[in-house]
Amino acid sequence: MSRLTQSPAWQALAAHQRQMAGASLRELFREDARRFEKFSFSAAGLVLDYSKNLVSGETLSLLLDLARQAQLPAWIERLFRGEKINASEDRAALHTALRGEAPVIVDSHDVMPEVRGVLDRMERFAEAVRGGELRGHAGHPFTDVVNIGIGGSDLGPCMVTEALKPFGTPSLKPHFVSNVDGSQIVQTLNGLNAETTLFIVASKTFTTQETLANARSAREWFLARGGSEADIARHFVAVSTNREEVTKFGILESNMFGFWDWVGGRYSLWSAVGLPIALALGMNRFRDLLAGARAMDEHFRGAPLEQNMPVVLGLIGLWYVNFFGTRSHAVLPYDQSLHRLPAYLQQLEMESNGKRVDRDGNVVDYATAPVIWGEPGTNGQHAFFQLLHQGTQMVPADFIAPCRSQHPIGEHHAMLLANFLAQTEALMNGKTEDEARAELTAQGLGGEALAKLLPHKVFPGNRPTSTILMGAVEPRTLGALIALYEHKVFVQSVIWNINPFDQWGVELGKKLAGKILGELSAQGAATSHDASSNGLINFCKAHR
Ligand code: F6P
């Protein structure tokens, strides 16, 4: 057994779980009229209600003991102070500095003047493009921005520009190309005008195969439509930490927006990786997004653990993963504008905490990140909610919604909210056999017909959910929401004693793909792999 699972705080939680496993949420609410007041609070424009979870005051206090045992407050300070807590890459993880104001010292110098410098450059560039001072080679203002990037260089800016579309301007449309599947770039560029299209090639490393392939195809597309080599400078900018590779690719250094190795890819939307956001929404809105995240940072750093939103959300998630054995966690935004949030959180949580060894390299004997998945409501209700209500496994879920719609029309938002609120209540209360029988009897059913249908009409309930509410999806609330999840992931990583800021697990497949790429176009059959891989490669070769 590891030190963690043997620890008093862990053992106390394991014993407590045996008690709580038999608890009924219905009963807990019946017994305590103040349960909502006790188990909900607000911060940075968000409200978190975690009362519909299988927790009592004692659960929370034991979870907080676990957090203290892991020295969470000291880790939070180490994060904000820029200590090199990403040990396997010997780096700090300073996404908080990107939206911060106070000096932060890394390798004995303050990084904030550089952070502000890049933000100011982004501002000048974004406003010049939006204002029509910076134009394409034929003298026309830009109408479309195509961001080429993948993973952290795509998901964040894509999710945010989708979420905040009403704040954008119709005269400058953002597009995102990430997949190396040529269909995506072909379909995106179809219908665009090369004279009015601006490309952002976003890659922290500038060595990512997919991004470079898409960038090369974009360049060819541009040159084939009247652009010259000299015009590339007007139409292509890069966002990267790798100056050398950017210039090798043919993008001028003056067209490069830099950031730093202490910004993890999946934590980078606050840096120059957010350029498509600034272009689409304007720099003021981008700064509002940063301000929202900063408000959550200040809360995370300053609030007591028991009233600390990322801490509580992280502990609740861990409670189910480690003590109830759940293996997946649903994120269900009830707002169409947040339709890319689950995909964004998949990378944030699963690439960060999908780890099997601890900080010291020992294989862990406890579960780490669950599978994160989700879809916007109400669509999910008509697809997978059946399993949430009556399936055999418990899937804890976060329900997220704004009180006001970006597009108020008729009764739509009231209907959306009604469904949102109904689902967490239904998941919690379920429907007992007696209630189901009474309902069927009232419908005129009896005898054998009733007995046959009855088991199908029972909902076990007791399915835990957390609810996050905000006034509206707008730059500040969205910034706070993203930072909430960033810090939640950090909280869990501290307790699991894993490094959330590296991602060695993505290497193996990448390398192998390079080898197979050569084999796909080589003469003769592939023979160097296992029989299955050889067989599949050779089938593809025969049918290409
Ligand atoms: O392969 C995973 C990954 O390294 C992610 O961590 C990262 O966000 C993505 O690829 C893109 O990397 P880059 O920005 O260097 O192109």
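Taken together, the values in this text are just the output of simple stated rules run on the coordinates, not laboratory data. Predicted model, so just to flag it, every value in this text is computed and none were measured. Virtual Cβ from ideal backbone geometry, glycine too; neighbours counted across all protein chains shown.
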Inset, instruction - Treat each spin label as a single point 7 Å out from the Cα along the C-beta direction, and report the S533 to H407 distance in nm. - result: 4.6 nm
Legend entry - Charge context of K204, other residues only, Cβ under 11 angstrom, K/R +1, D/E -1: -1
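Nearest 0.05, what FRET efficiency do K511 and S88 give at R0 = 25 Å with Cβ-Cβ as r? Can you show the working numbers first?
Numbers: r = 18 Å, r/R0 = 0.72.
Efficiency for this residue pair is about 0.90.
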Inset, instruction - Could you tell me, in Å, what Rg and Dmax come out for the Cα atoms of the stretch 11-53? - result: 12.9, 36
Inset, instruction - Starting from 0 in steps of 5 Å, tell me what percent of the Cα-Cα pairs of the stretch 147-260 lands in each bin. - result: 2, 11, 23, 24, 22, 13, 4, 0
Legend entry - Convex hull of Cα atoms in the stretch 91-131, direction-averaged projection (nm²): 3.3 nm²
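Take every Cα-Cα pair in the stretch 379-481 and report what % of them are more than 16 Å apart. Before the final figure, lay out each step's value.
Values: 3487 of 5253 pairs.
Value for the stretch 379-481 (Cα pairs over 16 Å): 66 percent.
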Legend entry - Nearest 10 degrees, 0 to 90: helix 57-69 Cα axis against the chain principal axis: 40 degrees
Legend entry - Computed lengthening from A213 to S228, 0.36 nm per intervening residue step minus Cα-Cα distance: 3.4 nm
Inset, instruction - Rounding to the nearest 20 debye, state how big the charge dipole of the stretch 417-544 is about its Cα centre with +1 on each Lys and Arg Cβ and -1 on each Asp and Glu Cβ. - result: 460 debye
Legend entry - Pairs from K204/K511; K52/K488; K173/K515; K173/K510; K52/K355; K84/K248 whose Cα-Cα separation, in the structure shown, is over 26 Å: K173/K515; K173/K510; K52/K355; K84/K248
Inset, instruction - Averaging over all projection directions, find the projected area of the Cα convex hull of the chain and quote it in nm² with one decimal place. - result: 30.6 nm²
Inset, instruction - Please compute the Cα-Cα pair-distance distribution of the stretch 442-487 with 10 Å bins starting at 0, giving whole percents from short to long. - result: 19, 25, 15, 15, 19, 8
Legend entry - Computed E for R243/S61 - FRET, C-beta separation, R0 60 angstrom, nearest 0.05: 0.75
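How much FRET efficiency would the formula 1/(1 + (r/R0)^6) give for N419 and A525, where r is the Cβ-Cβ distance and R0 is 41 Å, rounded to 0.05? Working shown, then result.
Details: r = 55 Å, r/R0 = 1.34.
Computed FRET efficiency for N419 and A525: 0.15.
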Legend entry - Label-to-label distance, nm, for residues given as D120 and F29 (7 Å Cα→Cβ offset): 5.4 nm
Legend entry - In Å, descending, principal axis extents of the Cα set of the stretch 264-308: 39, 23, 9
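Normalized C-alpha radius of gyration of the stretch 34-180, against 2.2 N^0.38 Å? Before the final figure, lay out each step's value.
On the way: Rg = 21.7 Å, N = 147, 2.2 N^0.38 = 14.7 Å.
Output field value: 1.48.
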Inset, instruction - Tell me what the chain gives for mean residue ellipticity at 222 nm when only DSSP H runs of n ≥ 4 count, each as -39,500 (n - 2.57), the sum divided by the residue total, rounded to 500 deg cm²/dmol. - result: -13500 deg cm²/dmol
Inset, instruction - Find how much the distance from S171 to A74 grows on full extension, using 0.36 nm per residue of separation minus their present alpha carbon separation; answer in nm with one decimal. - result: 30.2 nm
Inset, instruction - May I ask for the Rg/Rh ratio of the stretch 46-89, computed from Cα atoms with Rh as the Kirkwood radius, given to two decimals? - result: 1.14
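Give me the net charge of V395's neighbourhood, meaning all other residues with Cβ under 15 Å from the Cβ of V395; Lys, Arg count +1, Asp, Glu -1.
Details: positive: K52, R327, R463; negative: E349, E375, D398.
Result for the local shell: 0.
Using every Cα-Cα pair within the stretch 432-544, state what percent have a distance larger than 17 Å.
Values: 4863 of 6328 pairs.
In whole percent, the share of Cα-Cα pairs in the stretch 432-544 beyond 17 Å is 77.
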Legend entry - Residue-count net charge about A451 - beta-carbon cut-off 12 Å; Lys, Arg +1, Asp, Glu -1: +1
Legend entry - Relative contact order for the stretch 1-159, counting Cα pairs under 8 Å that sit 6 or more residues apart, in percent: 11 percent
Inset, instruction - State the extension gain, in nm to one decimal, for the chain segment bounded by D434 and S183, taking 0.36 nm per residue of separation less the distance between their alpha-carbons. - result: 84.9 nm
Inset, instruction - Note down the nm distance, to one decimal, between modelled labels 7 Å out along Cα→Cβ at H140 and at V458. - result: 6.7 nm
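Once a ≥ b ≥ c are taken as the square roots of the eigenvalues of the Cα gyration tensor of the stretch 153-202, is the result rounded (a/c under 1.5), prolate (a/b larger than b/c) or oblate (a/b not larger than b/c)?
Numbers: a/c = 1.97, a/b = 1.18, b/c = 1.66.
It comes out oblate by the Cα gyration axes.
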Legend entry - Bins of 5 Å from zero: percent of alpha-carbon pairs in the stretch 258-360: 2, 9, 12, 19, 24, 18, 10, 4, 2, 0
